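Q: My questions all concern the structure below.
A short reminder: the numbers here are calculations on the coordinates, not readings from a lab. Since this is a predicted model, take the numbers as computed values, not measurements. A quick note on method: Cβ atoms are made from the backbone with ideal geometry, for glycine too, and the neighbour counts reach across all protein chains shown.
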Amino acid sequence: MNLRQLFDPVSCTYTYLIYQEITKEAVIIDPVFELYLRDKALIDELGLNLKYTIETHVHADHITSGWLFKQSTNSEILISSSSGATNSDRMLGHGDIIEFGDIKLKSLYTPGHTNGCMSFVDQNESMVFTGDALLIRGTGRTDFQEGSSHALYESVKKKLFSLPNSCSVFPAHDYNGIMSSTIGEEKTFNPRLGGELSDNDFVGSMDNLNLPHPKKIDEAVPANLQCGFREDGSLLSNYPKWARLSYAFAGHWDISSDELFSVLSLVQVIDVREKEEYLGPLGFIKGSKNIPLNEISENKSYFDQQKNYVFVCRAGGRSVQAIKNAGLYKNQNAASLRGGMIDWRANGFSVENGKD
Ligand SMILES: [Fe+2]
């Protein structure tokens, strides 16, 4: 069982990608709409087959990308039957099992933050994904979305705290950058309901959290009640249209040699190798302009943000740095040739001045 913990710095949400090495079957827990491209890139780069998006609950602080994943990967969306959400593929109840590869996650109904909160524990009870029920040295708030402090106290004390002390806790958020905890630690040190703290102690704390109203709640809750469904596909339709590009987990757009060949007349190729390399035996692409990487920054004003550029180097590394230095990082009009001139030549595409 492999686990990747991904972070959204805007909402401080943790997204979890869990997968099995051999079968490559994967699930993603609580993915964030704006980070769909990042998460999809990681899934693609790891060669994973996404089976499910699992929502721990209807979030109030961000919109899920579950619907985007459903559209792009045929994955199914799973959420609690008590969530009130539509558009899911499977509604979960307490004790349901989610299987992928040889991994089994069991759903635990842990209401209180919302009425539809679920936690998920693996078959070895070595890790539990607690959503907003149990946070690290804290809990989710209970002052909106059918929240109930009494219910949350019961959920944590009876269901989560009955897991082994060694079980790692992975929450949906942490606002201090702490990544995980354990059930044993939280049982002892959680200042809201650990140790001898009673239901009344907990309610007393929860009634006085003095938290601001979540900024995105009016947008996020209605969207998440539809599992992130958007009629226009939004982000998906925002993919670059000038070529079939792929977004890299590193944060830039990539283009394959095949694709560059088919759009060559529509783009400006910028070759960032040194002058002697450019004129060396690998050759260069016809029509390309040679601006060595160390001269890109000083030529920033050359780049028109509206034009389409493909940056090229020997093997596809310096071209990524060149995109950054040109001020075009994450710009949909700039791509790096994946594998560089080596890949271009290996695919049999012609060059000027090249030698075999
Ligand atoms: Fe929440």
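Q: Tell me, in nm to one decimal, what length is gained between residue 94 and residue 22 on full extension, where the rule is 0.36 nm per residue of separation less the Cα-Cα distance? Provide the component values of the computation, followed by the final result.
A: Details: separation 72, 0.36 × 72 = 25.92 nm, distance 2.88 nm.
Difference between extended and current length: 23.0 nm.
Q: Which order do the peptides 80-90, 307-317 take when ranked by the mean count of other beta-carbon atoms within 10 Å per residue, highest first? Numbers along the way, then the final one.
A: Numbers: 80-90: 17.9, 307-317: 21.1.
Descending mean neighbour count gives 307-317, 80-90.
Q: On a 22 Å Cα-Cα criterion, which of the cross-link pairs 106/159; 40/307; 275/355 come out too long?
A: Numbers: 106/159 12 Å; 40/307 26 Å; 275/355 16 Å.
Violating the 22 Å limit, Cα to Cα: 40/307.
Q: Still on this structure, please answer the following. So if R0 is 45 Å, what FRET efficiency would residue 266 and residue 165 give, r being the distance between their Cβ atoms, rounded to the nearest 0.05?
A: Values: r = 61 Å, r/R0 = 1.35.
Efficiency, from the Cβ-Cβ distance: 0.15.
Q: Could you work out which residue, out of 186, 21, 76, moves most in a Gaussian network model of the chain, that is, has the largest mean-square fluctuation with Cα springs under 10 Å?
A: 21
Q: May I ask you to derive the FRET efficiency for residue 12 and residue 241 from their Cβ-Cβ distance with R0 = 45 Å, giving the value to the nearest 0.05? Walk me through the numbers before you get to the answer.
A: Numbers: r = 33 Å, r/R0 = 0.74.
Using R0 = 45 Å, I get an efficiency of 0.85.
Q: Where Lys and Arg each count +1 and Asp and Glu each count -1, what net charge lies around residue 307 among other residues with Cβ under 15 Å from its Cβ? Don't skip to the end; give the middle numbers.
A: Working: positive: 241, 289, 300; negative: 304.
Around residue 307, the charge tally is +2.
Q: With label points built 7 Å along Cα→Cβ from the Cα atoms of residue 286 and residue 258, find their separation and express it in nm.
A: 2.2 nm
Q: Any idea what angle helix 36-45 forms with the longest principal axis of the chain, computed on alpha-carbon atoms, 0 to 90 degrees, nearest 10?
A: 70 degrees
Q: Highest first, please rank the peptides 130-143, 167-180, 45-58, 286-299 by the mean number of other Cβ atoms sitting within 10 Å of their residues.
A: Values: 130-143: 24.2, 167-180: 17.2, 45-58: 22.0, 286-299: 15.6.
Order by mean packing, descending: 130-143, 45-58, 167-180, 286-299.
Q: Sort the following peptides by mean Cβ neighbour count (other Cβ atoms within 10 Å, averaged over residues), highest first: 224-234, 34-44, 256-266.
A: Numbers: 224-234: 17.1, 34-44: 19.9, 256-266: 15.5.
Ranking the peptides 224-234, 34-44, 256-266 by packing returns 34-44, 224-234, 256-266.
Q: Assuming 0.36 nm per residue, please report the length gained on full extension of the stretch residue 178 to residue 304 beyond their Cα-Cα distance. Mind showing how you got there, number by number?
A: On the way: separation 126, 0.36 × 126 = 45.36 nm, distance 4.15 nm.
Stretched fully, the residue 178-residue 304 segment lengthens by 41.2 nm.
Q: What share of Cα pairs, in percent, lie more than 38 angstrom apart in the chain?
A: Numbers: 19984 of 63190 pairs.
Tail fraction, whole percent: 32.
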